[in-house]
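Trainee: Right, I'll just put the structure down here and ask away after.
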Amino acid sequence: MRRVLKLAAVVALPLVFLLALVPAVAPPAGAVTVGPGGQAFYNAPSPIPPVAHGTLLSYRPTTVSLGPGAPAVGAWDLLYRSTDSNGDADVVTGTLLVPTAPWVSGFFGIGATPRPLIAYAPGTQGLAQRCAPSEQLTAGTEYEAANIVALLQKNWAVVVTDYAGYTNGATPTYLAGRSEGQAVLDAALAAPQVPGAGVSASATTAVWGYSQGGQAADWAGQLSTGYAPSLHLAGVSAGGVPGDFEASAANLDGSVGAAFLLMGVQGLATEYPADIPFAALENAAARSALAAADSECVFQTLFQFADTSIRNFNAAGLSLQQLEAIPPVGATLVAQNLGTAKIPVPVLQYHGQSDEFIPLGQALALKNRYCSLGTNVQFELYPGEHITTQFQAAPQVVSWLGDRLSGLPQLGNCLEPAPSPASTANPGGGDLVVSLKNWTLGGSVTVHGLGQSLSLPPASTFSATTDLTTQKLTGALSVPTIASTISILGIPVNIQVSLTPSGATSGSVSLDANGQLHIHGATAATVDIVSAGDLGINIPLGCQTSTPVQFPLNFDGPVSSLGDGGLTFSGTTTFPSLTGCGLLSPLLSLLFSGAGNTYSFTVAPPAPVAW
C-alpha cells in the first residue's frame, strides 16, 4: 500500500518540477520558433513553458557591429529557459555568433571534431535594458567586443548571455552568482538548437569571463557537473573575480567603484526580496540613485556614483557592516561567495596587481580555496588596474583556451611555493586613475626632407597617469639614442639622434558612456643630432632643433585598446631649424627642418608579473 501511495504522489507532481530534476535535453529543431522583430523579441513568455532549462524558446537572425578585425559571422538573438538563484524557472536572452568560414579539423575527415563553442560571460554592462550585451553588439557599443572578436578570429563559435533581467519590464539580478552561472551554462546548451547555425551539441566548450563575468564563469564551472552534465566542458577562464562578496563590497563602499556596490544591492534585492529588504530600508536618495542607475550603462553609472557610501542610501544611516549584520542580508551575501565546490576542468584565474575595484587578496584566497578542493588552477598576475587587466590578459587567455580546446593538459601552479604579492592599487577613495607605468613605446618618425624613417629603439618607454575622474593626463617619454643610417646626397651616413623631452606630456583623457576612450594632448622634445659619420668614424655634432618639436597625441577608440595592442598616436609635425651644427647647419637644416614630418607612436602594456 505504501508503494502505491508513493507512486501516486510522484505521478501527481507538477510537470515543471519533474523537468527540473533531469538534465536539459535539446528539443527537436522544429520546435523552436522564430521570434518577433524589434524590442518585442525581449518579451518573456508568461507563463514560462514547462520545458527543461537550456531549452531555446525562440531565436531570430540579427546583425552585429564588432569593430576592426572581426571576421564575417552569422548572428542570432536567443531567448532561452534558465533557472534563477532560488531554483525557479526564468527566461534569459543572449547572442550566438558563428564565423561563416568553414570549420576544418582532422586529416581528410579523419578525427574531425565539431567547431568549438565559447560561452562568453560579459562583465558589468549597466542596468538599463539597452545595456544588454545582445543590444550593444547590434548597436556597436559593446566594450568587450575586442575579446569576442579575438575568439571569432580563431574560427570558434561564441555565445554571449545577457544574464537574467534584460527582458522587457524586468530588472537585472546583478551579481546573483548562481543565476549568472546557470545563465552561462544554459546559453551553451541553447546554442546548438539554433537551426542552421552549425553548432553541435557535442562541441567542446569553454567559458571565459572577467569581473562580473569572472564571477559568472566560476559559478558556471562549479555548477557544471550537476546542472549541465551534457556539456563537453574543457576549461574555465575567470579574471578579476569577486570571489568574496563581503571583502569586495567593503572595498567598493565609499570608493571610486561604489557604483558596482549600488548596482549589486539592487540586483541582489531583486533576486532575494525577502532576504534583502532594501525597499524597506532605502531613503529618497537611494530611490533617486537607483532610478538613475536603471536608465544608464556602466561607464555613466561608474562616474556618477564614485566615492559614495551605502550609508547615504538607507534611512537609518546604517554602515555596510551594520547592514551585513542583519542575518538574512549577511547570509545572502555569503551565499554569493565562490570556492565552495571543485571546478572539474582546468581553470585560468587572473587578476590585476593594481586592481582598485576587486581586492587582490581575496582573489589569491579564492585560488587557494579552489586548490584545496582539487581544482587545477593556473593563476596569473598582471600589473594593471581592473579595466586595463581585462584587455591586457586577452591574448594569453585566448591562447590558453586554444590549449584546453585541443585537449592539452595544464600543470597549474597550485603547488608552487611563492609569497603572496602585495597589491599596488591606488587608495579606494578619490579618482579613477589608470597608470601607464613603463609602457613599451614603439614607432617611428619620418623626416620629410630625407624621405626616410627613424625607428624608436626597443628600450623606449612611456609613463603616464591618466585620471579619468579629473580627465587629465600627465606623463613622460624616455627614448634612448636612435642609431640609424640615412642617405645624404646619395651617400649613406650613420647618425645618432636623440629625443630629449621638453616638459611633461599633458592633455585630456575621458571615457564616455559607450566605453570609448578619448585622449587629446601633446608631448614636446628637442631633436639632437649627436653625431654623424661613416666607415666607423663618427663626428660629434651636438646640433639640435632651435625649439622643441611638438608631437600631438590624439586617440579616439575603444577602451579595449588599453590591452595588448596598445594605444597608437599618429600625425604630422614641423621640425624647426637646426642650430649648433657648424658648417653643416645649412645642409642639415635643409634636410631635417620643415613641415610634413610624420610620426606614429604605439604605447603597449608591460608583460604579466612573475611571482
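The values are calculated or read from the model by the stated rules, or taken from the named source; none is laboratory data. The structure displayed is predicted, hence computed values, not measured ones. A quick note on method: Cβ atoms are made from the backbone with ideal geometry, for glycine too, and the neighbour counts reach across all protein chains shown.
Trainee: Quickly run through region 416-443 and pick out the residues that are touching a Ser or Thr at 6+ places or on another chain (Cβ under 8 Å), polar (S, T, N, Q) and exposed (fewer than 15 other Cβ atoms within 10 Å of the Cβ).
Mentor: Matches in region 416-443: Asn438 only.
Trainee: While we're on this one: For region 25-41, check the following and say yes or no: at least one residue is under 29 Å from the mean Cα position of the chain (by Cα) and closer than 30 Å to Asp275 by Cβ.
Mentor: no
Trainee: Could you tell me whether any residue of region 502-510 is closer than 30 Å to Leu591 by Cα, in a strand (DSSP E or B) and in contact (Cβ under 8 Å) with a residue 24 or more places away in the chain? Show your work before the answer.
Mentor: Initially, region 502-510 is screened for residues closer than 30 Å to Leu591 by Cα, giving 502-506.
Restricting the remaining residues to those that are in a strand (DSSP E or B) gives 505-506.
Now narrow it down to the ones that are in contact (Cβ under 8 Å) with a residue 24 or more places away in the chain: 505-506.
Checked against the condition, which is being closer than 30 Å to Leu591 by Cα, in a strand (DSSP E or B) and in contact (Cβ under 8 Å) with a residue 24 or more places away in the chain, region 502-510 yields at least one hit.
Trainee: Out of the residues in region 273-293 that are in a helix (DSSP H, G or I), among the small types (Gly, Ala, Ser) and modelled with pLDDT of 90 or more, state the one that is farthest from the chain's Cα centre (by Cα).
Mentor: Our first condition is that a residue be in a helix (DSSP H, G or I); within region 273-293, this holds for 278-281, 284-293.
If we keep only those that are among the small types (Gly, Ala, Ser) too, we end up with 279-280, 284-286, 288-289, 291-293.
Those still in the list that are modelled with pLDDT of 90 or more too: 284-286, 288-289, 291-293.
Values: Ala284: 34, Ala285: 31, Ala286: 29, Ser288: 29, Ala289: 26, Ala291: 26, Ala292: 24, Ala293: 21 Å.
Per the criteria, the residue is Ala284.
Trainee: Right, here's the next one. Can you give me the number of residues within region 317-369 that are farther than 25 Å from Ile387 by Cβ and either in contact with a strand residue (DSSP E or B) (Cβ under 9 Å, 6 or more places away or on another chain) or not hydroxyl-bearing (Ser, Thr, Tyr) (or both)?
Mentor: Here the count works out to 23.
Trainee: I need every pair where a residue in region 312-327 that is closer than 12 Å to Ala249 by Cα and in the same structural domain as Leu281 (by TED's automatic domain parsing) has its Cβ under 8 Å from the Cβ of a residue that is β-branched (Val, Ile, Thr) and surrounded by 15 or more Cβ atoms within 10 Å (Cβ to Cβ), sequence separation at least 6 or different chains.
Mentor: Listed pairs, sorted by first residue: Ser319/Ile310; Leu320/Ile310; Leu323/Ile310; Leu323/Val329.
Trainee: Could you tell me which of the residues Leu415, Leu411, Leu441, Leu450 is touching a Leu at 6+ places or on another chain (Cβ under 8 Å), part of a loop (DSSP other than H, G, I, E, B) and not polar (S, T, N, Q)? Outline the logic, then answer.
Mentor: Details: Leu415 fails: touching a Leu at 6+ places or on another chain (Cβ under 8 Å); Leu411 fails: touching a Leu at 6+ places or on another chain (Cβ under 8 Å); Leu441 fails: part of a loop (DSSP other than H, G, I, E, B).
On inspection, the qualifying residue turns out to be Leu450.
Trainee: Filter region 122-155 down to residues that are closer than 13 Å to Val73 by Cβ and not aliphatic (A, V, I, L, M) and give me whichever is surrounded by the fewest Cβ atoms within 10 Å (Cβ to Cβ).
Mentor: Gln153
Trainee: Does Thr446 satisfy being more than 25 Å from the chain's Cα centre (by Cα), in contact (Cβ under 8 Å) with a residue 24 or more places away in the chain, more than 24 Å from Thr205 (Cβ to Cβ) and surrounded by fewer than 19 Cβ atoms within 10 Å (Cβ to Cβ)? Quick ask: steps written out before the conclusion?
Mentor: Numbers: more than 25 Å from the chain's Cα centre (by Cα): yes; in contact (Cβ under 8 Å) with a residue 24 or more places away in the chain: yes; more than 24 Å from Thr205 (Cβ to Cβ): yes; surrounded by fewer than 19 Cβ atoms within 10 Å (Cβ to Cβ): yes.
Against the criterion (more than 25 Å from the chain's Cα centre (by Cα), in contact (Cβ under 8 Å) with a residue 24 or more places away in the chain, more than 24 Å from Thr205 (Cβ to Cβ) and surrounded by fewer than 19 Cβ atoms within 10 Å (Cβ to Cβ)), Thr446 qualifies.
Trainee: Ok, one more. Which is under 22 Å from Thr389 (Cβ atoms) and modelled with pLDDT under 90, of Val609, Val603?
Mentor: Numbers: Val603 fails: modelled with pLDDT under 90.
When all the criteria are applied, what remains is Val609.
Trainee: Something else now. Please go through region 566-595 and pick out each residue that is over 20 Å from Val493 (Cβ atoms), in contact (Cβ under 8 Å) with a residue 60 or more places away in the chain and assigned to a loop (DSSP other than H, G, I, E, B).
Mentor: Gly566
Here is a yes/no grid of residues against (1) assigned to a strand (DSSP E or B); (2) assigned by TED's automatic domain parsing to the domain that holds Pro172:
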position	(1), (2)
Thr205	yes, yes
Gly214	no, yes
Ala220	no, yes
Ala234	yes, yes
Val256	no, no
Val265	no, no
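Trainee: Then there is this: Among the listed residues Ile482, Ile519, Ile491, which satisfies the condition of being crowded, with 16+ Cβ neighbours inside 10 Å and more than 30 Å from Pro133 (Cβ to Cβ)? I'd like the intermediate steps shown before the answer.
Mentor: Numbers: Ile519 fails: more than 30 Å from Pro133 (Cβ to Cβ); Ile491 fails: crowded, with 16+ Cβ neighbours inside 10 Å.
Going through Ile482, Ile519, Ile491 in turn, the sole match is Ile482.
Trainee: Would you say Ser82 is crowded, with 24+ Cβ neighbours inside 10 Å, within 24 Å of Leu562 (Cα to Cα) and not assigned by TED's automatic domain parsing to the domain that holds Leu262?
Mentor: Numbers: crowded, with 24+ Cβ neighbours inside 10 Å: yes; within 24 Å of Leu562 (Cα to Cα): no; not assigned by TED's automatic domain parsing to the domain that holds Leu262: yes.
In short, no.
Trainee: Is it true that some residue in region 587-596 is on the phi > 0 side of the Ramachandran plot and not hydrophobic (A, V, I, L, M, F, W, C)? Steps first, please.
Mentor: Restricting attention to region 587-596, the residues satisfying the condition of being on the phi > 0 side of the Ramachandran plot are 594, 596.
Among the residues that remain, those that are also not hydrophobic (A, V, I, L, M, F, W, C) are: 594, 596.
Checking region 587-596: at least one residue is on the phi > 0 side of the Ramachandran plot and not hydrophobic (A, V, I, L, M, F, W, C).
Okay, residues lined up against (1) surrounded by 15 or more Cβ atoms within 10 Å (Cβ to Cβ); (2) within 27 Å of Asn514 (Cα to Cα); (3) out of contact with any helix residue (DSSP H, G or I) (no Cβ under 7 Å at 6 or more places or on another chain):
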site	(1), (2), (3)
Ser58	yes, no, yes
Thr63	no, yes, no
Gly106	no, no, yes
Tyr120	yes, yes, no
